[in-house]
Every structure is written in structure tokens, then in C-alpha cells.
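Taking it in order: structure first as C-alpha cells, then the write-up.
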Amino acid sequence: MIPSAGRMIFSLLLLASPIVFAAQSDNTTLGIEIIRAHFQGAGLVPYLLANFTPTALLTATYTGGGIVAPGQLLPKSRTQTAPNLTITPANMTTLLNEKYTLVMVDAWAPGYTDPRGQICHWIVNGVTIQDHSVLTRGSVEVEQYRGPTPPSGSGPHRYAILLYAQQLPTVPPPQGFPIQNNNPGFCHLADYVKASNIGPLIAGTYFTVEEGVATFTPSPTSPVMTSTLLASGSSGPSTSTAGTVAQHNGAFSSSSNCLTILLAPFLWLLAL
């Protein structure tokens with residue numbers, strides 16, 4: 001009986017796995033569309049990026065909390081150590097075996113600009129990906145991680161975390177940009193990307209930090225209407241950032257549980 005049950009389970013695995021992986025891919029694609037919409041709505045496109053067409057979903061997790069939702073307001077104290085980053089490509093057959101450049105910049109509050117550019121908080125060349133985790137071990141820290149320190153009254157600062165594919169194994173630091181162990185300094189992100197000759201932007205996310213009460217009125221941002229991003233099954237428009245992420249994560253969890261549900265009777269049979 002056991003060999004027969006084993007063959008049945010193996011056959012069911014072959015039949016069910018394409019369904020599960022297809023659902024996972026669909027949910028990742030939805031997550032990518034959500035983050036694209038958030039970058040547009042928050043004004044990061046076109047202020048920080050001329051365009052944003054990610055091919056993977058980047059998630060950040062700071063100590064003491066769960067996955068950071070796009071645009072989530074975080075307390076400054078929670079962001080003073082580097083986050084853990086994970087990445088999931090839209091196409092699950094894509095091999096993430098290259099080297100990447102990781103950048104985090106302060107793009108100011110919506111509506112505020114500074115001719116000196118943005119504030120660089122983190123620049124790392126040569127990061128790698130293992131089991132979907134973004135690893136900085138063995139990489140080159142051009143600018144070591146510095147937590148957000150927005151001035152009091154300056155509004156909700158947008159901190160963008162971006163992952164670029166590298167065209168070369170190593171990236172010589174361009175002249176005039178921050179170097180390791182300096183305080184966060186001004187830089188124009190677009191100029192750094194061009195001067196470093198790094199590859200395309202493949203993923204990104206962002207969060208906000210605010211100190212005190214804004215002494216000016218930030219430009220309005222556009223809420224993300226998830227109903228326009230969902231192909232079907234939407235119960236109505238949602239403007240909640242946390243809600244969109246929870247919905248994406250819940251859908252992913254449901255698809256991951258499909259295989260367990262399908263196999264439950266056969267696992268019981270195998271245990272007899």
C-alpha cells in the first residue's frame with residue numbers, strides 16, 4: 001500500500017505544482033503592479049525616477065515589525081538598522097544569480113525639491129541573491145547604511161530602496177559621490193546610476209518617516225485604487241496601503257496552501 005500511495009502522491013505533485021506556481025506568479029505580478037502604482041501616486045515618478053517598470057517584487061522588513069507596506073509611515077527609531085530584503089521575480093523561472101547594486105535615498109517630502117539632489121543613505125555594489133534574500137555579505141559598501149533622520153517639521157520624507165542589475169561584476173565608485181563611513185550626503189540618483197554604468201532597475205519599494213508637524217503643506221499624493229489592478233474578485237476600491245499588501249500576501253499564502261489541501265487525504269493514507 002505504501003509504494004502505491006507514494007506513487008499517487010508523486011503523481012498529484014506533478015499535477016498540482018503548475019497550478020500553485022501559476023497562482024504564485026500571478027500574485028507576484030499583482031504585487032509589482034501595486035508598487036508601480038504607489039511610486040506613481042507618491043510622486044517618486046517622475047521626481048526620483050523617469051519611469052519605473054520593475055520585473056520583481058522587493059520587500060523590506062525592519063527589526064520589530066513585519067513586511068513594510070509601500071509608503072508605510074515608520075517611526076524613526078525602527079529604521080536605524082538596515083532592513084532585511086527579499087525579492088521575488090515575476091517569472092518564477094528567472095534565475096537571480098547575478099550581482100546587483102542596492103541604493104536607498106531620501107527623496108524628500110512630496111512637493112519639496114533640493115537642487116543638490118537627494119540624500120544617499122545606502123549604496124552597496126555587488127550584492128547577491130540567495131533563496132530570494134538580498135545579501136550584502138562580500139559586497140562593496142560605497143555608503144554604509146545610515147538610518148533616516150528627517151529634520152523636524154520637514155514633512156513625510158520618502159525613503160526609496162532600489163535594486164539595480166549590474167552590467168559588470170565590479171562597479172568603480174564615480175568621483176564626487178559619498179564614500180564609506182561618511183555621513184549621508186547629497187547625490188543625484190540619476191547621475192550616480194549613469195556615471196556608475198550599472199544596469200536596469202529591477203525592483204524597489206519605499207517607506208516614509210516624519211518628525212514633528214510639517215511646517216509646510218506637502219503636495220497631495222494619489223491613493224492606489226486596487227480595484228483597477230485586480231482582474232477579478234475585487235470587493236471594491238481600496239486606498240489602504242497596508243490593505244493592499246495584506247491582500248497580496250494573503251493570496252500568496254492561499255496559493256501556497258493549495259498543495260497541502262490536495263495532498264491531505266493521501267498523506268493520511270500513507271500514514272496507515
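So here's what we get for this one:
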{"quantity": "Amide N proximity, the stretch 142-174 versus VAL213 label position 7 Å along Cα-to-Cβ, cut-off under 19 Å", "calculated": "151-157"}
{"quantity": "Cβ-based exposure ranking for ARG137, ARG158, ARG36, ARG116, in which fewest neighbours within 10 Å come first", "calculated": "ARG137, ARG116, ARG36, ARG158"}
{"quantity": "Ranked VAL171, VAL45, criterion: other C-beta atoms within 10 Å, fewest first", "calculated": "VAL45, VAL171"}
{"quantity": "Neighbourhood charge, 14 Å Cβ-Cβ cut-off, centred on SER154 and excluding it, Lys, Arg +1 and Asp, Glu -1", "calculated": "-2"}
{"quantity": "Projected area averaged over orientations for the stretch 33-105, convex hull of C-alpha atoms, nm²", "calculated": "5.9 nm²"}
{"quantity": "Extension reserve of the SER222-LEU73 stretch, reckoned as 0.36 nm per residue once the Cα distance is removed", "calculated": "52.1 nm"}
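Bear in mind that the values in this text are calculations on the coordinates, not laboratory data. For clarity, every value in this text was computed on a predicted model and none was experimentally measured. Heads up, the Cβs are rebuilt from the backbone with ideal geometry, glycines too, and the neighbour counts pull from every protein chain shown.
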